[in-house]
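The values are calculated or read from the model by the stated rules, or taken from the named source; none is laboratory data. In this text the structure is predicted, and so the values were computed from the model without any measurement. Here the Cβ positions follow ideal geometry from the backbone for every residue, glycine too, while neighbour counts run over all protein chains shown.
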């Protein structure tokens, strides 16, 4: 693995910039098996230069999330309240006939940016991403869809230095169960911020809610 650096508009993220994102977020009391799997990985992560996305308290989701899409044409501060409302309304319209669904997340895997768990089966989540993109395109234009997030995944934590991930993967492979369910019935529109963490010197994510859009109206 290497030091993780977030990007916005094809360039390294300017510290403190806030950008609108659409996320799936696990919830305590609903996705407890998934949170238990994530927390089982935490001791292994802490032995590497990885900043876990969740605190030590079991069951606390912290900032665990699956990125669905980023609104990449402008930082949140440059999107007017009226344009933000238009995006929220477009998302409500696009997702009104998308039924809630369950998928799975896992297994945990060390990668170039830290550690992740992939979403699988992914067909319904990919279809949801396309509906979200349609809403963004309708309100913000094609220029708002600049990033390819790759395969849908949940980041367990971001790396703040380089390290050999092979020993980490050996430890993560020993954790069972390997996968856990994620219940998807809400899309979270969030104001996401990356800033340098004073304790690690790496990038740390935080967010503020903008809107929650229920699937199926």
Q) When you scan segment 40-53, how many residues do you find that are buried (at least 20 other Cβ atoms within 10 Å of the Cβ), within 15 Å of residue 106 (Cβ to Cβ) and out of contact with any strand residue (DSSP E or B) (no Cβ under 6 Å at 6 or more places or on another chain)? A) 1
Q) Which residues, taken from segment 1-16, are surrounded by 15 or more Cβ atoms within 10 Å (Cβ to Cβ) and over 30 Å from residue 89 (Cβ atoms)? A) 1, 3, 4
Q: Answer yes or no: is there a residue in segment 184-205 that is surrounded by 13 or more Cβ atoms within 10 Å (Cβ to Cβ), more than 30 Å from residue 12 (Cβ to Cβ), touching a helix residue (DSSP H, G or I) at 6+ places or on another chain (Cβ under 9 Å) and in contact (Cβ under 8 Å) with a residue 60 or more places away in the chain.
A: yes
Q) Is there a residue in segment 113-124 that is surrounded by fewer than 19 Cβ atoms within 10 Å (Cβ to Cβ) and either more than 25 Å from residue 39 (Cα to Cα) or touching a helix residue (DSSP H, G or I) at 6+ places or on another chain (Cβ under 9 Å) (or both)? A) yes
(Q) Looking at residue 57 and the list (1) modelled with pLDDT under 95; (2) closer than 20 Å to residue 136 by Cβ, which single condition is not satisfied? (A) (2)
Q | Any chance residue 19 is surrounded by 13 or more Cβ atoms within 10 Å (Cβ to Cβ) and outside any loop (DSSP other than H, G, I, E, B) | A | yes
Q: Among the residues of segment 80-123, write down those that are touching a residue at least 60 places away in the same chain (Cβ under 8 Å), more than 16 Å from the chain's Cα centre (by Cα) and closer than 23 Å to residue 136 by Cβ.
A: 84, 87, 88, 91, 92, 95, 96, 97, 98, 99, 100, 101
Q. Residue 160 is checked against (1) buried (at least 16 other Cβ atoms within 10 Å of the Cβ); (2) in contact with a helix residue (DSSP H, G or I) (Cβ under 9 Å, 6 or more places away or on another chain); (3) in contact (Cβ under 8 Å) with a residue 60 or more places away in the chain and fails just one. What number does that condition carry?
A. (2)
Q: Restricting attention to segment 69-88, report how many residues are assigned to a helix (DSSP H, G or I) and under 16 Å from residue 213 (Cα atoms).
A: 5
Q. Only one of 61, 26, 55 is closer than 22 Å to residue 175 by Cβ, outside any helix (DSSP H, G or I) and touching a residue at least 60 places away in the same chain (Cβ under 8 Å); which?
A. 26
